[in-house]
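Student: Have a look at this one before I ask anything.
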Amino acid sequence: MAQKAKSKLFEWQQRAALGGECQKCRQWVSKLSVDHILPDWFIRCFDPTDDMRFEDEENFEMLCYVCNHIKSGRIDKFHPKIKHLILKYINL
């Protein structure tokens, strides 16, 4: 029987559970969370099928719980990838 392909988001979540360095505050923690650089609500505006939300590794980053909670559903206009990602989604 064929195995169901795992999403890229799921793979990142498995790696984040192992811990590491937060990409925002650079603190080492035992468990990270996967954050979307551009939030889900923004992506859904341009990709209603939600395919890009789970498969675009360019839009993922690993943050500690505190940094992820502070960012929440906001767009960080100072993130180095933000301009590139916004243009990418607008031109879908």
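Taken together, the values in this text are just the output of simple stated rules run on the coordinates, not laboratory data. The structure displayed is predicted, hence computed values, not measured ones. FYI the Cβ positions are ideal-geometry reconstructions off the backbone, even for glycines, and counts take in every protein chain you see.
Student: Along each of its three principal axes, how wide is the spread of alpha-carbon positions in the chain, in whole angstrom units, largest first?
Tutor: For the chain, the Cα extents along the three principal axes come out at 45, 36, 17 Å.
Student: Oh, and also: Based on C-alpha coordinates, I'd like the Rg and Dmax of region 28-69, in Å.
Tutor: Just the Cα atoms of region 28-69 yield Rg and Dmax of 11.6, 36 Å.
Student: Please count, across the chain, the pairs of lysine residues with Cα atoms under 20 Å apart that sit 8 or more places apart or on different chains.
Tutor: The result is 11.
Student: So what's the back-of-envelope 222 nm ellipticity for the chain, counting only DSSP H runs of four-plus at -39500 (n - 2.57) apiece and dividing by all residues, rounded to 500?
Tutor: -10500 deg cm²/dmol
Student: Give me the number: length gained by fully extending residue 7 to residue 25, i.e. 0.36 nm times residue separation minus the C-alpha to C-alpha distance, one decimal in nm.
Tutor: Taking 0.36 nm per residue and subtracting the Cα distance, the gain is 3.8 nm.
Student: Efficiency by 1/(1 + (r/R0)^6): what FRET value for residue 76 and residue 54, r their Cβ-Cβ distance, R0 = 25 Å, to the nearest 0.05?
Tutor: 0.75
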